[in-house]
1. When you go through ARG119, ARG123 one by one, which is the residue that is touching a strand residue (DSSP E or B) at 6+ places or on another chain (Cβ under 6 Å) and either on the phi < 0 side of the Ramachandran plot or touching a residue at least 40 places away in the same chain (Cβ under 8 Å) (or both)?
2. Looking at (1) surrounded by fewer than 16 Cβ atoms within 10 Å (Cβ to Cβ); (2) in contact with a Leu (Cβ under 6 Å, 6 or more places away or on another chain), which is the one condition that is false for ALA104?
3. Which of (1) under 17 Å from ASP69 (Cα atoms); (2) free of Cβ contacts under 8 Å to residues at least 24 places away in the same chain; (3) in a strand (DSSP E or B) does ASP157 not meet, given it meets every other one?
4. Considering (1) over 18 Å from ASN51 (Cα atoms); (2) over 12 Å from the mean Cα position of the chain (by Cα), say which one MET118 fails and leave the rest.
5. Go through region 87-105 and count every residue that is among the polar types (S, T, N, Q), in a loop (DSSP other than H, G, I, E, B) and in contact (Cβ under 8 Å) with a residue 12 or more places away in the chain.
6. What number goes with the only condition from (1) out of contact with any Asp or Glu (no Cβ under 9 Å at 6 or more places or on another chain); (2) surrounded by fewer than 17 Cβ atoms within 10 Å (Cβ to Cβ) that ARG98 does not pass?
7. Here is a list: PHE76, PHE68. Which entry is of a type in the set (A, V, I, L, M, F, W, C), touching a strand residue (DSSP E or B) at 6+ places or on another chain (Cβ under 9 Å) and touching a residue at least 24 places away in the same chain (Cβ under 8 Å)?
8. May I ask you to list the residues in region 30-71 that are assigned to a helix (DSSP H, G or I), among the basic types (Lys, Arg) and within 18 Å of TRP88 (Cα to Cα)?
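The values are calculated or read from the model by the stated rules, or taken from the named source; none is laboratory data. Everything numeric here is computed off the predicted structure, so don't read it as measured data. No Cβ is skipped: glycine too gets one built from the backbone with ideal geometry, and neighbour counts run over all protein chains shown.
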Amino acid sequence: MRNNHGFTIWEVMTVIAIIGIIATFAVPGLLAPRGRAKVQGSANNLRGDINWAKMMAAREGAMVVLRFDSDSYQIFVDNNADSAPTNWVLGPEDRQLRTRQMSAGVAMDASDLPDNVMRFNRRGLPENLGPDNLGTIGLAGISDSRQIQINMVGLIDVQ
């Protein structure tokens with residue numbers, strides 16, 4: 001009698017096929033919490049930066065502007081020295097306070113705000129909000145989305 005050791009090719013292929021089928025169901029479920037955490041972390045950073053911009057506007061006694069792009073935003077003190085009182089663009093005479101890049105895979109939509117800009121006056125109150133006196137910024141990732149709303153008295157709500 002011959003003593004065989006090991007597995008046949010059919011047994012190995014069957015085990016690999018079973019592992020592949022299980023992986024197709026398990027891997028997306030393992031990656032979803034990471035995507036949700038990226039969106040939630042970006043929302044928390046943005047909320048903190050909006051609060052910080054309000055505080056800086058009151059502290060500096062100047063207009064502080066948040067300018068949004070799809071994957072980043074800038075915070076700066078607009079000195080209006082560039083001769084256009086409604087410019088709200090970072091110029092050479094303005095002081096940049098912060099620039100933040102969104103996490104990879106997180107997109108931002110601030111189209112609800114006029115010109116994708118939120119600004120705070122010398123008292124730290126928002127001036128240019130969207131419809132219904134609400135400023136809404138949307139954050140979206142692969143498996144989650146959030147909306148940040150700021151009202152006319154500066155209260156921030158993350159949904």
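1. On the way: ARG123 fails: touching a strand residue (DSSP E or B) at 6+ places or on another chain (Cβ under 6 Å).
Result: ARG119 is the single residue among ARG119, ARG123 that is touching a strand residue (DSSP E or B) at 6+ places or on another chain (Cβ under 6 Å) and either on the phi < 0 side of the Ramachandran plot or touching a residue at least 40 places away in the same chain (Cβ under 8 Å) (or both).
2. Going through the list (1) surrounded by fewer than 16 Cβ atoms within 10 Å (Cβ to Cβ); (2) in contact with a Leu (Cβ under 6 Å, 6 or more places away or on another chain), ALA104 breaks only (2).
3. (1)
4. Single failed check for MET118: (1).
5. Initially, region 87-105 is screened for residues among the polar types (S, T, N, Q), giving 87, 96, 99, 101, 103.
Checking which are in a loop (DSSP other than H, G, I, E, B) leaves us with 87, 103.
Pick out the ones that are also in contact (Cβ under 8 Å) with a residue 12 or more places away in the chain and you get 103.
Residues that pass the stated criteria total 1.
6. (1)
7. Working: PHE76 fails: touching a residue at least 24 places away in the same chain (Cβ under 8 Å).
Answer to the check: PHE68.
8. In the first step, residues of region 30-71 are kept if they are assigned to a helix (DSSP H, G or I); the result is 30-60.
Cutting the leftovers down to among the basic types (Lys, Arg) gives us 34, 36, 38, 47, 54, 59.
Residue satisfying the conditions is LYS54 alone.
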